[in-house]
Each structure stands twice: as structure tokens, then as C-alpha cells.
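Okay, structure first, notes after.
The values are calculated or read from the model by the stated rules, or taken from the named source; none is laboratory data. Nothing here was measured: the structure is a model prediction, and the numbers come from that model. Note: ideal-geometry Cβ built from the backbone for every residue, glycine included; neighbour counts use all protein chains shown.
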Amino acid sequence: MFRALARASATLGPQVAGWARTMATRQLLVAPPEALLRPLFIPNRLLLGPGPSNLAPRVLVAGGQQMIGHMHKEMFQIMDDIKQGIQYVFQTKNPLTLAISGSGHCALEASLFNILEPGDPFLVGVNGIWGQRAADIGERIGARVHPMIKDPGNHYTLQELEEALAQHKPVLLFLTQGESSSGVLQPLDGYGELCHRYNCLLLVDSVASLCGTPIYMDQQGIDVLYSGSQKVLNSPPGTSLISFSDKAKNKIYTRKTKPVSFYLDMKWLANIWGCDGKPRIYHHTTPVVSLYSLRESLALIAEQGLENSWRQHREVTAYLHGRLQGLGLQLFVKDPALRLPTVTAVAVPAGYDWRDIVNYVMDHFDIEITGGLGPSMGKVLRIGLLGCNATRENVDRVIRALQEALQRCSRNKL
Ligand SMILES: Cc1ncc(COP(=O)(O)O)c(C=O)c1O
């Protein structure tokens, strides 16, 4: 056979011979891209936006380890460790606690796909972009969505919610603990109890707040809680954390219809995460290496202690607030008690375009800060101090950068 191919190569010319050698049956229409023949280049950036944050050095090392199979017993041990880590950071004893193979949006979809059925009334706090997203997903499921719309920078009181619960009789209420688009910290004490009095489950997004400010899933009566890997946890984006109370689990296991997503079907996920006491069977290939990183992030928090992590964020962010006010900037959230200790929103100062400031800080200091998002777009600049990035030294760096940007970018000078 090889001799025949060699003869073909001599008689038919190099291109045809090439096909013969590689067994290709067609000529390639797309050449290897030039771009991929150049080495990968990653700039060295300080990520002080609302997330993702820089990876913690130990998380980086964990993510550089070799693959094992997603169904190997060592991997199941890592998944069990992660579950315990999530129970710790969520402060819950819920057995149905696991990581989702997907970013924070995936955890939001997992919550809504599994809890809501078509026609279910769904009450949503829309005081920023995350409520908008929850309402959008609820509509796609065919739930009867009742958005409670507020301007960015505001939160929901128990009294407001009680009126809405009485009026709409929802099966589920969505609130965002850390509204990263506006820098608001939503209080949570008493909200779970209130929901349960109205036979409603409470779903909370803690993507931008987890480990930066207290949350007590069981004691606060939260039925579904999710978070992300890429904020205070300093892990790569692409995995998220989720937990369901027994009440929420009961709603899932007594559904009349199947959840629209197979990938996010919680009964399947409960099995591969060892939450249902049955032998684990293949559902999807979990992101093995990302899970190493997530485990390491949770280990770092376990070593530091939750209270120390909360204190670190509160103190460093208070220092940031003082320095920002020292520059003459205004914090977007007026009430200090409602300011998120992870992501700070600063009102865009008069006479400036927010884009000029963000670009200046990136181009001259290699520091990422961002503008607003959704309803806060154009109104704010956002600075995140997340996990290992939450240091006074980083505050000093970003303040220096902002000071220079404010001198150079004023439109009034033009
Ligand atoms: C509060 C909040 N919820 C949800 C998300 C969505 O997470 P992801 O971008 O990981 O899908 C984010 C992302 O910034 C967030 O800040």
C-alpha cells in the first residue's frame, strides 16, 4: 500500500500525494490561521472591575494540574470537598448543594428552570440588570412574571415585598443580594420568613457578594442560593455554586413537567454530585480542571475564615470609599448601610465621559475598572475589590490612576 502511495506521489504531484499520505478525501478550503501560529499573549492586568477578578496564586497552580477522568473516584472526592465548601460559604446544611458547569447565568437558569413551571406566578425584584435577566428567563419558561421595577441604586423593604406577595401570590421571589450594576446591598434578614408566610420560595443571587458580606442561607430562610466562581473566590469564570432548601427540593421533585433543560435538570445533577444517595451515572463531562480551581478557592476561604473575609472586604472597601470622596467623587448609593462591600458604584462626575476615564485607567495603568451595566449604564463607574484583590495597596493604585484620569479627561477643558 505504501509503495503504491509513493508511486502515486511521483506521478500525481505533491498536492495529490499529500492527500494520499493523510488519507484526506477533500482539499482543505480553510488554511491554518496565521493568528494561531503566533504565541499566546496575556497582558498583566489588575482586574478591579465588578469581576472577573485576578486568580489567587494557589488557584492558578491548581488549574495547571493534569486532567483526570470526570468519573474517577478522586474526582468524586474533589466534588464532595467542593460541596462541603459551598455549604460552608453559604452557611447551609442542605444536602442538595453542588457546583454548576457554567457561569452565574447558568446557575440562574438552573434555579428558574427547576423551580418554575409554565403559568407559575414569579415575583422579581428588578432594581438593576440581574432582575431584568431573571424576568427574561422567567418569561421564556412561560411563568407569569411580575417585575417590581425600581431605579438603580434602590433596594426592597419588607413592607413593599409583603404588599407584592399578597397581591401576586407568587411561588418564587427573586432578589439580588449584591446588585453589582449599581453597588446596592439588599438586606436579607426577615425576607425568607416573610416569603414562607405567603407560601413563596425565596431565590437569592449572591454572585457579586458571596464571601464579601454575610449571608446565612439556612438562618435567613433562603430556599435557592447561587453564586459565581470569578468574584471574591478568585477562580476562573465558568463554574457556579448552588444550593436548594428542602422546600425548594420538594417543589423540584413534585413538578408536573420536566425542566426544559436536560443539561441543568437538577435531578440529574443531584445524582452526579452524589446528593441523591444513588450510584453516580454519567450526565455530562464536568469541567474537571475548573473544579480543581474552585476547590482551591473554597479551601482558601476555609483557611481564612468567612468572618475574616467579610471583615477584609468591609474595611478595604470603606477605605476605598473615603479615598474616592477625597477626590471629590460621589458614591452612587446614598445610604452607607446599603453599599456593597465588594463592588462600588461611583456617580460619573459632571463634565466627563465615563468611557474616557475607564480607557485612561486601562491604557496608562493596566487597571480595569468599568462603566455601568443595563439600567446604570452611563450613570456610574464601577470598582470591584474582590478576594485577593481587596487590599489597601490596590486601592492606592486605583486612586492614583483615577486622580490622573480626572485631570486629563475633563471635557470642560476642551
Ligand atoms: C450579581 C450578578 N449576578 C449574576 C451575574 C452573572 O454571572 P456570569 O457573568 O458569571 O454569568 C453577575 C456577573 O457579573 C453578577 O454580578
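Gly64 passes every criterion in (1) part of a loop (DSSP other than H, G, I, E, B); (2) within 16 Å of the ligand (Cβ to nearest atom) apart from (2).
Selection of the range 162-187 for residues being in contact with a strand residue (DSSP E or B) (Cβ under 7 Å, 6 or more places away or on another chain) and under 25 Å from Asp335 (Cα atoms) yields Ala164, Leu173, Phe174, Leu175, Thr176, Gln177, Gly178, Ser180, Ser182, Gly183, Leu185, Gln186. Scanning for something at pLDDT 95 or above, of a type outside the set (D, E, K, R) and in a loop (DSSP other than H, G, I, E, B), does the range 79-88 turn up at least one residue? No - not one qualifying residue is present in the range 79-88. Exactly one residue out of Phe122, Phe113 is within 19 Å of the chain's Cα centre (by Cα), away from the ligand (no atom under 14 Å from the Cβ) and hydrophobic (A, V, I, L, M, F, W, C), and it is Phe113.
Do any helices (runs of 4 or more DSSP H) lying entirely in the range 126-205 carry at least 2 residues that are acidic (Asp, Glu) and over 25 Å from Arg382 (Cα atoms), and which ones are they?
Because the criterion is at least 2 residues that are acidic (Asp, Glu) and over 25 Å from Arg382 (Cα atoms), the helices (runs of 4 or more DSSP H) in the range 126-205 that meet it are 158-168.
Taking the range 80-110 as the range and being surrounded by fewer than 21 Cβ atoms within 10 Å (Cβ to Cβ) and away from the ligand (no atom under 15 Å from the Cβ) as the test, the residues that pass are Asp80, Asp81, Gln84, Gln87, Tyr88, Gln91, Lys93, Pro95.
Against the list (1) surrounded by fewer than 21 Cβ atoms within 10 Å (Cβ to Cβ); (2) within 16 Å of the ligand (Cβ to nearest atom); (3) touching a residue at least 24 places away in the same chain (Cβ under 8 Å), the condition His146 fails is (2). Among the residues of the range 159-169, are any within 25 Å of Leu294 (Cβ to Cβ) and at pLDDT 95 or above? Within the range 159-169 (the criterion being within 25 Å of Leu294 (Cβ to Cβ) and at pLDDT 95 or above), the answer is no, since none of the residues qualifies.
A single member of Gln177, Gln186 is modelled with pLDDT of 95 or more, within 16 Å of the ligand (Cβ to nearest atom), touching a Leu at 6+ places or on another chain (Cβ under 6 Å) and among the polar types (S, T, N, Q), and it is Gln186.
In this structure, Thr157 does not qualify as within 14 Å of the ligand (Cβ to nearest atom) and of a type in the set (Ser, Thr, Tyr). You will find that of Glu307, Glu296, Glu303, the residue that is crowded, with 21+ Cβ neighbours inside 10 Å, assigned to a helix (DSSP H, G or I) and acidic (Asp, Glu) is Glu296 and no other. For the range 350-365, check the following and say yes or no: at least one residue is within 30 Å of Arg408 (Cα to Cα), touching a His at 6+ places or on another chain (Cβ under 9 Å) and away from the ligand (no atom under 16 Å from the Cβ). Checked against the condition, which is being within 30 Å of Arg408 (Cα to Cα), touching a His at 6+ places or on another chain (Cβ under 9 Å) and away from the ligand (no atom under 16 Å from the Cβ), the range 350-365 yields no hits at all. Annotation for the range 251-259: no member residue is out of contact with any strand residue (DSSP E or B) (no Cβ under 8 Å at 6 or more places or on another chain) and under 30 Å from Val184 (Cα atoms).
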